[in-house]
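Report on one structure; see the data block that follows.
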Amino acid sequence: MKHIFLITTIMLLLFGISISAEASPQPQKLTKISLMLDWFVNPNHGPIIIAQERGYFKQHGIEVDIQQPADPSLPPKLVAANKIDLAVTYQPNLTIDVAAGLPLIKTATLIATPLNTLMVLKKSGITDLSQLKGKTIGIAVAGNEDATIGAMLANHDVKLTNVNIVNVGWALSSSLASGKVDAIWGGLRNFETNQLALEGYPTASFFPEENGIPSYDELIFVANSKHYNRQAITAFNAAITQATTYIINHPQAAWQQFIQYAPDTLNNKLNHQAWNDTLSRFALRPAAVDFKRYDDYAQFLFKHHVITQLPQAKTYIGSF
């Protein structure tokens, strides 16, 4: 009897161990995604970094490889070539790229308002766009500036031919501060404004959306329209939404976590001011779809001959 009892006990123990082993949760296999930013990490990328630092990506079953480009024009091209899964780019650029035939699809919004401004020094005394007649305007990258600046000036009875536009590369702030140009287009209201102020050069800005330009999303995420993982993108969007909610509810705690990503480069006064100025710009519903917003801006680009084909928003905005 004792032997039977002992054998039964051992079998039960083994059976229990087997059940326990089967019931133990297995490590979740994460889906890997590559994401290329539009530029070096900065407060505009807050939700991405917070999602990474707080583990939201992993919670949603994905592992995100965050990359920084050597050239800010490369990310959407690499996505179109199926070399990168996702990229951060700009709504105007997406419309231009799609009109040119690149296989891109918008998957979510990061910054839901324009950041670009037409900027002057306060000491210049320029308080109206009409005063830019005969002045020099510096730009960073040639693209759709003729349409944008031209439309803004036209709103104040100034022709584009009445101003001198020069490409100053990435020296926007220094060109304005030194007096090399009278105004700059491409300076961001959350960065260059603060940078110049910290250096002793207060500025005044003219906002495109208040001067005849359709409002647009500054920063968005795009994928290859022919090759993408819907489930992974949906998970990515959920993590970004979760991170944005955390940032809005806990802005300064989020700032402290944000700078831990790269303390040597992120933890400074300029970035802290930019962080505070960017909080209200993050898309609260990153995956929300607004076809009319994109069609309106495409019509603007088409009207001003920036694009020769007019793509329909429903063909390049995905629902994820």
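Residues in the stretch 34-46 include at least one that is small (Gly, Ala, Ser), in contact with a strand residue (DSSP E or B) (Cβ under 8 Å, 6 or more places away or on another chain) and surrounded by fewer than 24 Cβ atoms within 10 Å (Cβ to Cβ). Tell me yes or no: at least one residue of the stretch 180-195 is open to solvent by 40 Å² or more (accessible area, probe 1.4 Å) and either at pLDDT below 95 or over 27 Å from Gly150 (Cβ atoms) (or both). Within the stretch 180-195, none of the residues are open to solvent by 40 Å² or more (accessible area, probe 1.4 Å) and either at pLDDT below 95 or over 27 Å from Gly150 (Cβ atoms) (or both). The residue pairs whose first member lies in the stretch 111-136 and is at positive phi, whose second member is among the hydrophobic types (A, V, I, L, M, F, W, C) and surrounded by 17 or more Cβ atoms within 10 Å (Cβ to Cβ), and whose beta carbons are closer than 9 Å, counting only pairs six or more residues apart or on different chains, are Gly134/Val163. The conditions of being in contact (Cβ under 8 Å) with a residue 12 or more places away in the chain and not in a loop (DSSP other than H, G, I, E, B) are met by Ile33.
Here Leu176 clears all of (1) assigned to a strand (DSSP E or B); (2) in contact with a helix residue (DSSP H, G or I) (Cβ under 8 Å, 6 or more places away or on another chain) except the condition numbered (1). In the stretch 145-161 there is no residue matching the filter, namely being part of a strand (DSSP E or B) and not hydroxyl-bearing (Ser, Thr, Tyr). A count restricted to the stretch 95-144 and to residues that are modelled with pLDDT of 95 or more and part of a loop (DSSP other than H, G, I, E, B) stands at 15. Filtering the stretch 61-83 down to residues that are in a strand (DSSP E or B) and not polar (S, T, N, Q), which residue is nearest to Arg230 (Cα to Cα)? Looking at the filtered set, the residue picked out is Ile62. The residues listed here are Pro72, Pro92; of these, the one that is touching a residue at least 24 places away in the same chain (Cβ under 8 Å) and either buried (at least 22 other Cβ atoms within 10 Å of the Cβ) or in contact with a helix residue (DSSP H, G or I) (Cβ under 7 Å, 6 or more places away or on another chain) (or both) is Pro92.
Checking each residue in the stretch 289-307 for being modelled with pLDDT of 95 or more and surrounded by fewer than 12 Cβ atoms within 10 Å (Cβ to Cβ) picks out only Lys292. Screening the candidates Pro311, Pro286 for the property of being over 25 Å from Trp39 (Cα atoms) and either within 16 Å of the chain's Cα centre (by Cα) or open to solvent by less than 30 Å² (accessible area, probe 1.4 Å) (or both) yields one hit, Pro311.
For Thr265, state whether it is within 30 Å of Leu118 (Cβ to Cβ), under 15 Å from the mean Cα position of the chain (by Cα) and not hydrophobic (A, V, I, L, M, F, W, C). It is false that Thr265 is within 30 Å of Leu118 (Cβ to Cβ), under 15 Å from the mean Cα position of the chain (by Cα) and not hydrophobic (A, V, I, L, M, F, W, C). Looking at the structure I just gave you, is Tyr201 in contact (Cβ under 8 Å) with a residue 24 or more places away in the chain and either part of a helix (DSSP H, G or I) or more than 17 Å from the chain's Cα centre (by Cα) (or both)? Here the answer is yes, as Tyr201 does meet what is asked.
Contact map, the stretch 248-271: residues that are at pLDDT 95 or above and surrounded by 15 or more Cβ atoms within 10 Å (Cβ to Cβ) paired with residues that are of a type outside the set (Lys, Arg) and part of a loop (DSSP other than H, G, I, E, B), Cβ distance under 6 Å, separation 6+ or inter-chain. Pairs shown: Ile259/Asn267. Looking at the stretch 209-239, which of its residues are within 19 Å of Ala80 (Cβ to Cβ), among the aliphatic types (A, V, I, L, M) and part of a helix (DSSP H, G or I)? Hits for the stretch 209-239 are Ala232, Ile233. Taking the criterion of being among the β-branched types (Val, Ile, Thr), over 23 Å from Ala171 (Cα atoms) and open to solvent by 10 Å² or more (accessible area, probe 1.4 Å), the residues of the stretch 110-145 that qualify are Thr113, Thr127.
Those residues that are hydroxyl-bearing (Ser, Thr, Tyr), open to solvent by less than 50 Å² (accessible area, probe 1.4 Å) and more than 23 Å from Tyr297 (Cβ to Cβ), I need them from the stretch 215-243; list them, please. Correct list: Thr241 only. Selection of the stretch 77-97 for residues being within 18 Å of the chain's Cα centre (by Cα) and over 12 Å from Leu219 (Cβ atoms) yields Lys77, Leu78, Val79, Ala80, Ile84, Asp85, Leu86, Thr95, Ile96, Asp97.
The values are calculated or read from the model by the stated rules, or taken from the named source; none is laboratory data. Owing to the predicted nature of the structure, the values given are computational and were not obtained by experimental measurement. Cβ coordinates were reconstructed from backbone atoms using ideal geometry, including for glycine residues, and neighbour counts include every protein chain displayed. Note: accessible area is taken over every heavy atom of the protein model, side chains too, but ligands, DNA and RNA are not part of it. Shrake-Rupley method; radii C 1.70, N 1.55, O 1.52, S 1.80 Å.
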